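The values are calculated or read from the model by the stated rules, or taken from the named source; none is laboratory data. This structure is a prediction, so every number in the text was calculated from the model and none was measured. Heads up, the Cβs are rebuilt from the backbone with ideal geometry, glycines too, and the neighbour counts pull from every protein chain shown.
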Amino acid sequence: MQSANQFPLIIQPEGSSSKAALAQFLSANKQQIQNQLLQHGAILFRGFNLPTPKDFEEVALLIDHRLRDDYYGTSPRNIVKNTKYIYTASELPGYYPIPQHCEMSYVEQPPINIFFYCHIQPQYGGETPLCDFRKVYAQMDNGIRNEFDTKGVTTVRNYSGLSNASRFNLFELKKWNEIFHTTDKTEVERQCREQHIDFEWTGNDQLRLLHRTPAAKAHPVTGEKVWFNHLQVFHPYSAKVEYNFIHQRQQRAKTFFWKNLIALMVAVKQKAKTPIEQSMNVLFGDGSPVPNEYVQHIQEIIWQNMVIIPWQHRDVIAIDNFSTAHGRLPYEGERDILACWSA
């Protein structure tokens with residue numbers, strides 16, 4: 001095996017590229033792999049013969065046997081046939097960017113590690129950028145960082161009822177029954193209490209979920225402080241900022257169109273609804289809104305530290321979810337990226 005000291009750390013075959021050779025390497029170097037994942041934040045396994053989602057699942061289990069299948073996130077996902085833990089990474093359309101985030105940062109027990117697998121290499125775009133959120137926290141303006149440390153954050157998610165979802169609201173990704181896999185409100189409330197999620201039924205069969213958390217967390221193993229919340233994903237202003245950066249990179253007519261449309265939609269939404277009524281939002285812990293300029297500042301730091309490596313067929317990447325964020329750039333044509341995570 002060959003490796004390079006970079007972010008992400010890249011491990012490639014030295015000799016056989018078979019799944020058996022990779023499995024033998026992972027089994028013989030389990031502690032070393034865990035240490036490297038903690039140190040670097042992400043490891044890309046490239047050039048191995050892993051043709052099926054089941055192969056991906058077996059490799060992920062060798063790295064981390066604690067895979068799980070419960071998901072309280074917002075991105076639409078589907079289980080992959082003939083696997084227990086493998087899901088499509090997202091069913092969002094290709095024009096929809098996914099800003100950098102640590103997976104399920106707002107739940108009480110976020111995933112420990114995240115794994116992605118390139119089943120079909122994107123024809124254009126569709127990279128899964130990575131960002132060291134330890135650096136993001138360290139490089140923030142001292143005054144802004146201190147305000148977040150003092151106040152914490154409240155993550156807001158508003159979900160429509162079973163029959164009143166709007167097809168024209170691009171910011172609402174699921175209905176509440178799709179989050180909790182039930183139409184029984186009593187069961188929804190049970191799951192919320194179990195996960196320590198504050199909830200409100202707000203009329204017209206709508207559900208509001210509130211997660212009150214610190215804005216940054218200490219890494220559970222290394223103790224390093226990490227920016228650990230969904231501000232740059234859920235804040236209404238974040239979509240406009242994200243598409244500005246994306247258009248600077250891709251310079252496509254489609255991104256120019258979406259950049260301007262999203263900016264218009266954001267302006268309308270911020271005027272039409274209060275902060276707590278937005279489909280998704282992150283407020284300060286005291287309920288006050290986070291200024292747009294704070295979002296701009298944080299996303300600038302994220303893009304300065306972002307690493308974008310184009311996918312290659314059968315790539316597998318392991319990510320330490322407590323230090324390293326991931327996202328998705330818009331794409332065109334075919335793309336099939338699969339995912340799993342550990343508890």
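Please determine whether any residue of the stretch 311-331 is free of Cβ contacts under 8 Å to residues at least 40 places away in the same chain and basic (Lys, Arg).
No, there is no match, as no residue in the stretch 311-331 is free of Cβ contacts under 8 Å to residues at least 40 places away in the same chain and basic (Lys, Arg).
Kindly list the number of the only condition in (1) at positive phi; (2) in contact with a Leu (Cβ under 6 Å, 6 or more places away or on another chain) that fails for Asp320.
(1)
Acidic (Asp, Glu) and farther than 21 Å from Asp149 by Cβ, is that true of Glu300? Steps first, please.
Working: acidic (Asp, Glu): yes; farther than 21 Å from Asp149 by Cβ: no.
Considered against the rule, which asks whether it is acidic (Asp, Glu) and farther than 21 Å from Asp149 by Cβ, Glu300 comes out as no.
In the stretch 26-38, what count of residues is obtained for those that are loosely packed, with under 14 Cβ neighbours inside 10 Å and within 23 Å of the chain's Cα centre (by Cα)?
Result for the stretch 26-38: 1.
Regarding Ile112, is this residue aliphatic (A, V, I, L, M), within 13 Å of the chain's Cα centre (by Cα), modelled with pLDDT of 95 or more and closer than 22 Å to Phe180 by Cα?
On the way: aliphatic (A, V, I, L, M): yes; within 13 Å of the chain's Cα centre (by Cα): yes; modelled with pLDDT of 95 or more: yes; closer than 22 Å to Phe180 by Cα: yes.
Here the answer is yes, as Ile112 does meet what is asked.
Which residues, taken from the stretch 208-246, are in a helix (DSSP H, G or I), without any contact (Cβ under 8 Å) to a residue 60 or more places away in the chain and under 24 Å from Gly287 (Cβ atoms)?
Hits for the stretch 208-246 are Lys240, Val241.
Anything in the stretch 48-67 that is closer than 19 Å to Pro310 by Cα, crowded, with 16+ Cβ neighbours inside 10 Å and over 20 Å from the mean Cα position of the chain (by Cα)? List them, or say none.
Passing the criteria: Phe48, Leu50.
Do you know which of the residues in the stretch 104-120 that are of a type outside the set (A, V, I, L, M) and surrounded by fewer than 20 Cβ atoms within 10 Å (Cβ to Cβ) is nearest to Val59 (Cα to Cα)?
Gln109
Which residue out of Val282, Val316 is modelled with pLDDT of 95 or more, surrounded by 20 or more Cβ atoms within 10 Å (Cβ to Cβ) and not assigned by TED's automatic domain parsing to the domain that holds Gly125?
Val282
Run down Lys254, Lys271 and say which single residue is touching a residue at least 60 places away in the same chain (Cβ under 8 Å) and not aromatic (Phe, Trp, Tyr).
Every option except Lys254 fails the conditions.
Sort out which residues of the stretch 4-25 are without any contact (Cβ under 8 Å) to a residue 60 or more places away in the chain and either among the basic types (Lys, Arg) or surrounded by 14 or more Cβ atoms within 10 Å (Cβ to Cβ) (or both), and write them in order of number.
Those that are without any contact (Cβ under 8 Å) to a residue 60 or more places away in the chain and either among the basic types (Lys, Arg) or surrounded by 14 or more Cβ atoms within 10 Å (Cβ to Cβ) (or both): Leu9, Ile10, Ile11, Gln12, Pro13, Ser17, Lys19, Ala21, Leu22, Ala23, Phe25.
Pairs, please: C-beta under 6 Å, at least 6 apart or cross-chain, first residue at pLDDT 60 or above and in the stretch 153-175, second surrounded by fewer than 18 Cβ atoms within 10 Å (Cβ to Cβ) and charged (D, E, K, R)?
Note: pairs meeting the criteria are Thr154/Arg212; Asn158/Arg208; Gly161/Asp205.
Quick one: in the stretch 319-341, which of the residues that are in contact with a helix residue (DSSP H, G or I) (Cβ under 8 Å, 6 or more places away or on another chain), modelled with pLDDT of 95 or more and farther than 27 Å from Gln139 by Cβ is surrounded by the most Cβ atoms within 10 Å (Cβ to Cβ)?
If we take residues in the stretch 319-341 being in contact with a helix residue (DSSP H, G or I) (Cβ under 8 Å, 6 or more places away or on another chain), modelled with pLDDT of 95 or more and farther than 27 Å from Gln139 by Cβ, then Cys340 is surrounded by the most Cβ atoms within 10 Å (Cβ to Cβ).
State all residues of the stretch 223-261 that are farther than 21 Å from His211 by Cα, among the β-branched types (Val, Ile, Thr) and crowded, with 24+ Cβ neighbours inside 10 Å; if no residue qualifies, say none.
Answer for the stretch 223-261, where residues must be farther than 21 Å from His211 by Cα, among the β-branched types (Val, Ile, Thr) and crowded, with 24+ Cβ neighbours inside 10 Å: just Val241.
Can you name every one of the strands (runs of 3 or more DSSP E) wholly within the stretch 3-117 that holds 3 or more residues which are under 26 Å from Gln299 (Cα atoms)?
Correct list: 42-45, 98-101.
Within the stretch 191-212, can one find any residue that is among the aromatic types (Phe, Trp, Tyr) and loosely packed, with under 13 Cβ neighbours inside 10 Å? Break it down stepwise before answering.
Taking the stretch 191-212 first, the residues among the aromatic types (Phe, Trp, Tyr) are 199, 201.
Now drop any that are not loosely packed, with under 13 Cβ neighbours inside 10 Å, which leaves none.
No, because not a single residue in the stretch 191-212 is among the aromatic types (Phe, Trp, Tyr) and loosely packed, with under 13 Cβ neighbours inside 10 Å.
Just checking, which of Ile309, Ile337, Ile302 is in a strand (DSSP E or B) and either among the β-branched types (Val, Ile, Thr) or in contact with a Leu (Cβ under 6 Å, 6 or more places away or on another chain) (or both)?
Ile337
Return the only residue of Ile43, Ile79, Ile86, Ile98 being under 25 Å from Val233 (Cβ atoms), free of Cβ contacts under 8 Å to residues at least 24 places away in the same chain and either touching a Gly at 6+ places or on another chain (Cβ under 8 Å) or in the same structural domain as Gln121 (by TED's automatic domain parsing) (or both).
Ile79
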